[in-house]
Every structure is written in C-alpha cells, then in structure tokens.
1. Do we have any residue at all in segment 168-177 that's within 34 Å of the chain's Cα centre (by Cα) and loosely packed, with under 10 Cβ neighbours inside 10 Å?
2. Being assigned to a helix (DSSP H, G or I), over 28 Å from Val85 (Cα atoms) and not polar (S, T, N, Q) is the requirement here; does Arg186 meet it?
3. Could you tell me whether any residue of segment 141-161 is surrounded by 13 or more Cβ atoms within 10 Å (Cβ to Cβ), under 35 Å from the mean Cα position of the chain (by Cα), modelled with pLDDT under 85 and in a helix (DSSP H, G or I)?
4. Residues in segment 32-44: is at least one open to solvent by 20 Å² or more (accessible area, probe 1.4 Å) and within 34 Å of the chain's Cα centre (by Cα)?
5. How many residues, within segment 11-31, are at pLDDT 90 or above and open to solvent by less than 90 Å² (accessible area, probe 1.4 Å)?
6. Could you tell me how many of the residues in segment 189-220 are open to solvent by 100 Å² or more (accessible area, probe 1.4 Å) and either assigned to a helix (DSSP H, G or I) or of a type in the set (Gly, Ala, Ser) (or both)?
7. If a residue must be surrounded by fewer than 14 Cβ atoms within 10 Å (Cβ to Cβ) and modelled with pLDDT of 90 or more, how many such residues does segment 55-68 contain?
8. Quick one: which of Asp73, Asp83, Asp99, Asp78 is under 21 Å from Asn162 (Cβ atoms), out of contact with any Cys (no Cβ under 8 Å at 6 or more places or on another chain) and loosely packed, with under 13 Cβ neighbours inside 10 Å?
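The values are calculated or read from the model by the stated rules, or taken from the named source; none is laboratory data. Source: prediction; values computed, not measured. We place every Cβ from the backbone using ideal geometry, glycine too, and count neighbours over all the protein chains shown. Only protein heavy atoms, including side chains, enter the accessible area calculation; ligands, DNA and RNA are left aside. Shrake-Rupley method; radii C 1.70, N 1.55, O 1.52, S 1.80 Å.
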Amino acid sequence: MGPLGSLLLPFMIFVGFAVLLILANSVKVVREYDRLVVFRLGLLVGERGPGLVLLIPILERAVKVGLRTVTMDVPAQDVITKDNVSVKVNAVVYFRVVDAARAIVQVENYLYATSQIAQTTLRSILGQQELDELLSEREKFNMALQQVIDRTTETWGVKVTNVEVKQVDMPESMLRAMAKQAEAEREKRSKIIHAEGEFSAAQRLVDAAHLLATEPVSVQLRYLQTLTEIGVEKNTTVVFPVPVDFMSGLHKVLGNPPPPAAVKTGS
C-alpha cells in the first residue's frame, strides 16, 4: 500500500464517523408530553412529535418544549394593602404550554417571563384590596389573578390554569390587634345573646301574668306549689304574700306610709 493508501484509510474512517454522528443527531425520539419546534436555516418550520422525528442534517435545528403542567412557586412579595397594612404574600401558579412554537418564538424564556408577570400581578391586584377582604375572599382574588396572568401569557402560547394564594404573613402588632378585635366581637355577641334571653324571659313572664290574671285561683295554686318547693329543703323561711291594696288601706287608717308588697318572716 502506497502513501496515498495510508492517508486514505484514516480519511475514510473520519468521514464515516462524521456521517454516523450527523445521522445520530438527525434522528430524534420525542416523548408523548414533549414537542420539537423545528427551524430550517433559521426559519420556523413547525412542531413535530411525538414519536420518531427525522431532521435534515445541518439545515434543521430543533428545540424541545414540554407540554406538561408546570407548578411554579411565586416568591413572597411585599404588599401594602389599601388600608396601609404591610403584608408578605406568596402564591403558586399552575400553567402549561399549549402552543410550543409561540412559546419559543414569541418570548425568550417563557418560564422566567411567566414567573415575573405572576409576581408583578400579585403585587398589583392584592395591593388594591383591604386586609379583611384579602383574608376572607381568597377565592375571588385567585380567579382575578388567574385571568390577568392568563391574558398576558396567552400571546406566548402559555395557558395559566390556576393561581392559589398560599399564605399571608402579617406583622406581630397586626396579629395582636386582630386578636383583640375578635375578642371584642365575641363579647359583643355574648351580650346580645344575653339581652335577647332577658327579653324572651320578660316576655314569657308577661304572658304568664296575663294568664294568671284570668283565673285568680291559679295564683293561690302557684303559691301553694312554691311553699311545697320551699318545704322540700331544710328551710324555716316562709314568704306570705299580702295584697297591696289591703296593706295600703290599713296604713292609711294608721297614718303610716304604705309597706312593701310582701312580708318576710323566718328564723
């Protein structure tokens, strides 16, 4: 074998290795939850996959995009509410790519862009609300956040499916103030319930008085029942009800001021 043959063999080995390498890079296996966005000489060709995808060597380049739902934790944001209370709020955003070509062409990094728009929207919307609304109406704010973020990411081929406010951290002084407010509210409800009970008891006593007034004998029966209840205990105190008119007339004769309605004796 001459000098030419000795040079040709390594060259053929190098060419064969290069061809195998190019062919290996031209054959792609795309999984069900991925898509390949293919560019030919810099021009967008479209999406390919899933399954076996063949690319034209050197001329075509592919970028893989995942279609599964991404769970993104939004870092805690400092929010000043409408009533000037400083709180820290963090949330979680669920989104997925619905158009892989737009997710690559329309925005440089759709993951980073979605994270940034979620943070700014969180501060913007929650900063327009009062603290009580923020704590009690989370479901409404979750929906509002999802709609605003989704309107922005729609042009990127990204669909935001859900946004959840996870936690609202408040200053220690505000927690103490809210505890005092809750305690005052419970005391208020307690007094209202007590007053309603007194009113109901007074109303029932009025009804009972009207009922007893229709039958004078029932007053005597009630008196005897009361004496029976007193006699059950070891008690020597007995209360004798005396008609007010009788005592008033007696003291008018004697020239003394009228006595109380009942006389209590005992030992």
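1. yes
2. Spelling it out, it is not the case that Arg186 is assigned to a helix (DSSP H, G or I), over 28 Å from Val85 (Cα atoms) and not polar (S, T, N, Q).
3. no
4. yes
5. Going through segment 11-31 one residue at a time, the tally reaches 1.
6. 12
7. Total satisfying the criteria: 1.
8. Details: Asp83 fails: under 21 Å from Asn162 (Cβ atoms); Asp99 fails: loosely packed, with under 13 Cβ neighbours inside 10 Å; Asp78 fails: under 21 Å from Asn162 (Cβ atoms).
Of Asp73, Asp83, Asp99, Asp78, the one residue that is under 21 Å from Asn162 (Cβ atoms), out of contact with any Cys (no Cβ under 8 Å at 6 or more places or on another chain) and loosely packed, with under 13 Cβ neighbours inside 10 Å is Asp73.
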